[in-house]
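**Student:** A single structure is presented below for examination.
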Amino acid sequence: MIFSSLEFIFIFMPIFLIVYSGVGSRAKNLILFAGSLVFYSCGVIETPIYILLMFVTIMMNFLTGQLIGNTKRAKKFWLMIGIIFNFFWLALFKYTNFFIENANSLFGSGISLRNLILPIGISFYTFQNVSYLADVYRGTVKAESSFVNYGAYITMFPQLIAGPIVTYKTVAEQLRKRKHTIKSFDEGLRYFTIGLGSKVILANQIGNLWTDIANIGYDSISTKLAWMGIFAYSFQIYFDFCGYSLMAIGLGKLLGFDLPQNFDHPYMSLTMTEFWRRWHITLGSWFKENVYFPLGGSRCSKGRTVFNLAVVWIFTGFWHGASWNFIIWGCGLFVIITIEKFFTGKLFNKIKPLGHLYMILLIPLSWLVFAITDFSQLGIYFGKLFPIFSDGGGSVPFPTDYLKYWNIYWKFFIGGLICSTPLPSLIYKKFKKSILTTAVLLAIFWFSVYCMYIGLNDPFLYFRF
Amino acid sequence: MKKFKLYSYTILLLISMLLVCPWIFAQIWKSSRPQKPPKQNVSTAEPTTTTPNDVQDTTMNSPDAQPQTEIPTEPPLQFQNVSTSYFDDALFIGDSRTVGISEYGTLKNASYFCNTGMSVYNLGKKSEQVKDVGNITLEALLTQKQYAKIYIMLGINELGYEFNQTVTKYHEWVNYLREKQPDAIIIIQGNLHVTLSRSQTDSYITNPNINQLNSAISSFADGEHIFYIDPNELFDDETGSLNPLFSNDTVHLTGSHYPEWCGWLCTKAIVTPEMAAASPTEPPTAPSWEIITSDEYLQSDPNNNSV
């Protein structure tokens, strides 16, 4: 069950909110825990053992946290136990087939691939559990003494599937005491609507162009369409992910939580370094606190700093997916960020138009390596983008393809471009209380619902060939 | 030891958690066994051989459900190989699959009246952009221009509708084309299959449904003016479904496979005595296409090797 689905908005949410607001503040975490487990169960209905695994994971981390927090000598031992436990399951589900494939191609072994279904949100909740244990170990927070509170924190449905990666320390206090006001409730609904609109009206629509291009086959597209495609994908991934984070923050507000911001207009960045401070902020913070700083960060020799950056970015790449292209992508980011750190960063920050131009080219290209997992297909796409490096990109059977798709998608490109700037949020902040803003939000909500409805329930409108 | 006692319950509970993990692991590992390849007979698709795909089949092996189809007394016309100029005076009518032929195929000389979502239910209602003509309705186009060959491929968008109604409507359109363009031959193309995975998961868009429709529309062929050809012979895999290697979205061919389709259309040309009379050896007003042998065709189209 995703947030941008009719069953979530019209069935799960109303029922949950009625129950949640009907109980006293002491029982709220229990209801949140139970409701989130129901939410999680909907997503893993075909593999019910995952519910047990989730329960065991919570219990395990809760107990390990207790042991780390309450022992003196064996802290490190329990921390290691916890880390190994958490990463074991992540590695099992996410990376087993990757390792089998590589072992097969390296040693010629014939181990067959496993049909492992990734439990929903495992990449996110593994990081939350580990950061909790690390924070307790470092003494940043006290170990949570209530199993229900910890369970509610990990499973909390607004952030369970796709983040933000809410660290325990940011919500520890709110888990015990939080305010529920009409104002924050209203604000939450507004956030949710803006996120829903980003996902359904912008990301899903412009994402169709990327799908269209894949369906045509990269070898048959023109250079102009290839460029349109990677810009479309860049808008899709941003509005999809940012929209989901906004929905999560909005849902958090409905429940009385202040979840951390995850995106800050990243496409306005002047350098890749800045971009990653403004894109998926909670992931960047996680790596900074739990990998980069413990390794020494940049308070050491240049060589060591470069090594630390390499570790962080290769792991960031690998976290995004179990495929070589993600590792290459991470390595690419490492190279770019290192060059910026020691050479070009200052220049781009000083001459802003140059920085924007640099990022306008670099962002879509970096997403291309992220988007296409097959290397031969990636090569074909690069050949189309830069026909000068391939034999002219081959003949193009439909040279005016870009005009056809521009006529279909131009409005989403313009919308995407405007919404990538801080302009809409500035206007929103200024006219927040105006009745017109409320009307616009209502229109966004119901138009999104309409899009979801035709997408799901009416094959005669949606499945058009 | 004192401290252990203090935390003994926590530690034991933790150990018990760890103990249950191998069991969970075993269960997950067991259930993650690689899936067996789909059985050959999973698809209930009718064997393609029962679908008429050449003139003789069309006339001799009409489906049992349509016994009234007349067997022509004249010797049936045979499919011939032609060069692409054969399509200079051809009109293609169809849905997104025909859009694909127009955009990624090699028959740029043909005319196309096609659009995504086109069906027998909306064919006459919307105007389309036609090369050298402009935005025009089908009726106006057929009044304004005369074609020698009309290719029609519709049906996949209609699969959710009532079957007999669709077939009747389709037949009405074929009759309409005959009426508006009496000198043209009409070539009905069977609907391209979808991949096995799509067929097994979709409620309407299934290969059995496509085969049922193709079988019904193939019976419109009379071997004289109306013919039926089935491109599935080109793109099917062993299960009688669209080969997933040729499609990324389970329904459409990827762009690079449309030239194969066009090459195949060049081998499925109908040359009536009237057309043959107007052969390329005639004065300049005559059409410029020429009948070529299959060897010549194979040499001229490298894509054909993969057929």
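Throughout, read-outs are computed from the coordinates displayed, never taken from laboratory work. What you see is a predicted model, and the numbers here were worked out from it, not measured in a lab. Cβ sites come from the backbone with ideal geometry, for glycine too, and all protein chains shown count toward neighbours.
**Student:** Can you give the mean number of other chain Cβ atoms that lie within 10 Å of the Cβ atoms in peptide B:96-104? Walk me through the intermediate numbers first.
**Tutor:** Values: counts 2, 1, 0, 2, 5, 0, 1, 7, 8.
Rounded to a whole number, the mean comes out at 3.
**Student:** In nm, give the distance between the simple-model label positions of residue A:389 and residue A:211, each being 7 Å from the Cα along the Cα-to-Cβ direction.
**Tutor:** Calculated label separation equals 3.0 nm.
**Student:** Order of A:16-22, A:217-223 by packing, highest average Cβ count within 10 Å first? Walk me through the numbers before you get to the answer.
**Tutor:** Working: A:16-22: 14.1, A:217-223: 22.3.
Descending packing order for the listed peptides: A:217-223, A:16-22.
**Student:** About the Cα centre of region A:6-177, what is the dipole size in debye to 20, counting +1 per Lys and Arg Cβ and -1 per Asp and Glu Cβ, all else neutral?
**Tutor:** Here the size comes out at about 800 debye.
**Student:** Within 10 Å of each Cβ in A:112-122, how many Cβ atoms from other chains are there, averaged over the peptide?
**Tutor:** That average works out to 2.
**Student:** Which order, highest average first, do B:174-182, A:121-129 follow once you tally other Cβ atoms within 10 Å for each residue and take the mean per peptide?
**Tutor:** Packing proxy ranking, top to bottom: A:121-129, B:174-182.
**Student:** Using Cα-Cα distances under 8 Å and only pairs 6 or more residues apart, what relative contact order does region A:6-177 have, in percent?
**Tutor:** Relative CO of region A:6-177 lands at 30 percent.
**Student:** Still on this structure, I have one more. Return the calculated 222 nm mean residue ellipticity for chain A, to the nearest 500 deg cm²/dmol, obtained by summing -39500 (n - 2.57) across DSSP H runs with n ≥ 4 and dividing by the residue count.
**Tutor:** That comes out to -22000 deg cm²/dmol.
**Student:** What average number of partner chain Cβ atoms lie no more than 10 Å from the Cβ of the residues making up A:49-56? Display every interim value, and only then the final one.
**Tutor:** Details: counts 5, 2, 0, 4, 6, 0, 2, 6.
Partner-chain Cβ atoms within 10 Å, mean over residues of A:49-56: 3.
**Student:** Count the DSSP beta bridges whose two residues both fall in the protein assembly as shown, then state the antiparallel fraction as a percent rounded to the nearest 5.
**Tutor:** Bridges in the protein assembly as shown that DSSP calls antiparallel: roughly 30 percent.
**Student:** Report, as a whole number in µm² per second, the diffusion coefficient that Stokes-Einstein gives for region A:174-306 at 25 °C and 0.890 mPa s using the Kirkwood radius over alpha carbon pairs.
**Tutor:** After rounding, the answer is 141 µm²/s.
**Student:** So, one more: In square nanometres and to one decimal, what's the mean projected area of the convex hull around the Cα atoms of region A:57-191?
**Tutor:** Average of the hull's projected areas for region A:57-191 equals 10.8 nm².
**Student:** Region A:237-299 to region A:308-364: how many Å between their Cα centroids?
**Tutor:** Using only Cα atoms to place each centre, the spacing works out to 16 Å.
**Student:** Shifting gears a bit: More than 49 angstrom separation, counting every C-alpha pair in the protein assembly as shown; what % is that?
**Tutor:** On the way: 90708 of 297606 pairs.
Pairs farther apart than 49 Å: 30 percent.
**Student:** Roughly how many debye, to the nearest 20, is the charge dipole of the protein assembly as shown about its Cα centre, given +1 on each Lys and Arg Cβ, -1 on each Asp and Glu Cβ, and no other charges?
**Tutor:** Its charge dipole is roughly 7500 debye.
**Student:** Oh, and also: Provide the packing ranking of A:196-204, B:84-92, i.e. peptides ordered by the mean count of other C-beta atoms within 10 Å per residue, highest first.
**Tutor:** Answer by packing, highest mean first, reads A:196-204, B:84-92.
**Student:** Continuing with the same structure: Return the subset of A:183/A:429; A:169/A:429; A:169/A:288; B:108/B:131; A:179/A:433 for which the Cα-Cα distance in this structure is over 18 Å, preserving the input order. List each step's numbers first, then the result.
**Tutor:** Details: A:183/A:429 15 Å; A:169/A:429 29 Å; A:169/A:288 15 Å; B:108/B:131 10 Å; A:179/A:433 22 Å.
Pairs exceeding 18 Å: A:169/A:429; A:179/A:433.
**Student:** Right, something else. Estimate the FRET efficiency between residue A:407 and residue A:439 by the formula 1/(1 + (r/R0)^6), using the beta-carbon distance for r and 25 Å for R0, to the nearest 0.05.
**Tutor:** 0.25
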